[in-house]
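Bear in mind these aren't lab numbers, they're just calculated from the coordinates by the rules spelled out. Keep in mind that what you see is a predicted model, and the values were worked out from it rather than measured. Don't worry about glycine lacking a Cβ; one is built from the backbone with ideal geometry, like all the others, and counts go over all protein chains shown.
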């Protein structure tokens, strides 16, 4: 089985540890993008200590970086500076923990296709993440599609950064289905660059983060397409709650959905 990830539940770490061991998964930490955590060094230390006691080793784990209102492609210098502060904080925490990679969001404005805006997003994002990768050469950086209505700009960015060795795409299959269309085509178009995948289910209208199998997404198509195009990407089952995580894993195992192949 390929590397599979779950989100640890800080208030139910014993249960998270048990599930992690049962399914031989790794963890993706979802605490360190929150402004209230990034602003509180003591809270960061407490969380890291709790996770260290539970996980033992962070080396194969990942961490979701700051993304709320983080727009490094802004034309406003003050906003760009704030984005750099938050991204740097996330990378510092990742380096302290020794996780293998950090996930950030594209944060493009959905449906806004003004050529000047797109060209600026491409150039500014490329510079920002290239410099961030150079500053933290021992940590992978994955850029995740968020409100993107099409894969084209993320593909162009990834292609422009092909020589940045620890940069790659985090494909969020649910985001592609809700904010875009034909999510299986995102896999085909981004396949040279996909290093990490996020999955959960939804009702086709909102980013619901339902357990896998409890929404309308076609998981057989997902399995077939991802196996065809990118069989070695790691995958996060991005749902909260021990029960929903278990439901997702059992559904995936029963239906032989990637990575249970």
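Ranking of 140, 201, 163 by neighbouring Cβ atoms within 10 Å, starting from the fewest: 163, 140, 201. Working ranking of peptides 229-235, 185-191, 73-79 by packing, defined as the average number of other Cβ atoms within 10 Å per residue, highest first, is 185-191, 229-235, 73-79.
What order do you get for 145-155, 171-181 when each peptide is scored by the mean count of other beta carbon atoms within 10 Å, highest first? Can you show the working numbers first?
Numbers: 145-155: 19.5, 171-181: 21.4.
Highest-to-lowest ranking by the protection proxy: 171-181, 145-155.
Take residue 22, project a point 7 Å from its Cα along the Cβ direction, then tell me which residues of segment 237-261 have their backbone nitrogen under 14 Å from it. Those under the cut-off are 241-254. Approximating the spin labels as points 7 Å out from Cα along Cα→Cβ, the residue 216-to-residue 69 distance works out to 3.3 nm. The alpha carbon radius of gyration of segment 1-98, expressed as a multiple of 2.2 N^0.38 Å, is 1.19. The mean sequence separation of alpha-carbon pairs under 8 Å and at least six residues apart, normalised by the residue count of the chain, gives a relative contact order of 18 percent.
With runs of 4+ DSSP H residues as the only contributors, calculate the mean residue ellipticity of the chain at 222 nm using -39,500 (n - 2.57) per run, divided by the residue total and rounded to the nearest 500.
Numbers: 10 runs with 120 residues, N = 261.
The helix-only estimate for the chain comes to -14500 deg cm²/dmol at 222 nm.
Segment 140-214 and segment 226-261 have Cα centres lying 16 Å from one another. Cα-based radius of gyration for the chain, normalised by 2.2 N^0.38 Å, reads 0.96. Extension gain, residue 12 to residue 113: 0.36 nm times the residue separation minus the Cα-Cα distance gives 32.0 nm. Remark: the residue 166-residue 36 segment gains 44.0 nm on full extension, using 0.36 nm per residue and subtracting the alpha carbon distance.
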